[in-house]
Every structure is written in C-alpha cells, then in structure tokens.
1. Can you tell me the relative contact order of the range 6-105? Whole percent, Cα pairs under 8 Å, sequence separation 6 or more.
2. Would you mind computing, in nm to one decimal, how far apart the modelled labels at Ala98 and Arg69 are, each placed 7 Å from Cα along Cα→Cβ?
3. Answer with one residue from Leu35, Ala15, Leu101: the one whose Cα lies farthest towards the positive end of the charge dipole of the range 6-105, charges on Cβ with Lys, Arg +1 and Asp, Glu -1.
4. State the answer as a single residue: which of Gln25, Val47, Leu60 lies farthest towards the positive end of the charge dipole of the range 1-75, with beta carbon charges of +1 for Lys and Arg and -1 for Asp and Glu, about the Cα centre.
5. For labels at Thr105 and Glu29 in the simple 7 Å Cα→Cβ model, what's the distance in nm?
6. Each residue of the range 41-56 in order: what ³J(HN,Hα) in whole Hz does its phi give by Karplus 6.51 cos²θ - 1.76 cosθ + 1.60, θ = phi - 60°, with x for Gly and Pro?
7. Just to verify a number: what accessible area does Leu68 come out at with the full protein assembly present, 1.4 Å probe, Å² rounded to tens?
8. Taking a probe of 1.4 Å, how large is the accessible area per residue of the range 6-105, in Å²?
Amino acid sequence: GPGADAADAARAVAAGDPAALAVWQAAVEALADGLLMAVTLLDPRVVIVGGGLAEAGDTLLVPLRAALRERLTFQQEPALVPAALGDGAGCLGAGLLAWELRARTLPGSGTAAPADRAGTTTATSAEITDPVAGRPATSRAAAPTPHASATTDPTPRRFDQS
C-alpha cells in the first residue's frame, strides 16, 4: 500500500504475497542494473548495501547476488554485504561531522576556524579531518604553482612539422 515501507514489503515477500513479490523483483532488478554499472566502472571487491532495503537481509541479498551474477560478463563478482550500522549510518555520519565542526568553533578549543567578513565561522577543506583516519577529509590538494621557467605569455604556440 501507499504507506508501506521496505520492512513491510520484505514481510509481504516472505509471506509470499504475489503483488509484493512483483514489486520486490522489480526493485532487485533495478538495483542489480545500477550495481552492474558501479562494478564495471569502479571494480570494487566488496559492495556494502545499506538503507531500508538492506534491513531485509537475505530476502534482498540472495536474489540481488543472483541478479548481479547474471549480468556480469568480464567483471569480477564483488562480495555483497549488508551495512554494519544499518539504516542509521547516514544520520550517524552527519551527526559526527556536525559535532566535529561545532567543536572546532567553540571558544577555548584552540582550533577555532577563521571568521569571515559577516562574522560567521568557516572551515577550509584542510581544516576538516576524517574522524576515523585522522587526516584531512578531502583529498583535494592545493593548486600546483607554476614552474619557475614557465612562461606567462598567453599567446598560443604553433609547432611546425617541417
């Protein structure tokens, strides 16, 4: 029904409801199509499946593994595993990031971010660290400086083959 969530659908599938089975199969097929693209482009060894559907465990993972396996040609089959933190992983990550950013702006923390002209606090990408890895959260490096011998002449150069 319109108010059903993933858990309701999984229960209906387990009970053998034909309408739920059809919807579930369509969802598995669509997810397998998306995973095939990701596997082809990224070649992961493990795919972690999270969100409400993943809470269904083997009700989702068994047919999803089979559907993905049918689609693979040259790609190596990744292990499909459920997310350890379940449906709350995204909220937990957002909360941890907000907590860390807030801690950086507290008086006396010694790590306050610089204030901009409007008086609000901002943090540069280099100031935000990954709480797990303990290193900057972004891998973006500063733009390289031009070589000392580099020319600043914007005129395009033409190289003749003769």
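1. That works out to 32 percent.
2. 4.2 nm
3. Working it through, the farthest residue towards the positive pole turns out to be Leu101.
4. Val47
5. So the two model labels end up 4.8 nm from each other.
6. Once θ is set to phi - 60°, the couplings for the range 41-56 become 7, 9, 6, x, 8, 9, 10, 9, 9, x, x, x, 5, 5, 5, 6 Hz.
7. Rounded to the nearest 10, that gives 0 Å².
8. 60 Å²
The values are calculated or read from the model by the stated rules, or taken from the named source; none is laboratory data. These figures come from a predicted structure and were not determined experimentally. Because the Cβ atoms are built from the backbone with ideal geometry, glycine has one as well, and the counts that use them run over all protein chains shown. These area figures cover heavy atoms from the full protein model, side chains too; ligands, DNA and RNA do not enter into them. Shrake-Rupley method; radii C 1.70, N 1.55, O 1.52, S 1.80 Å.
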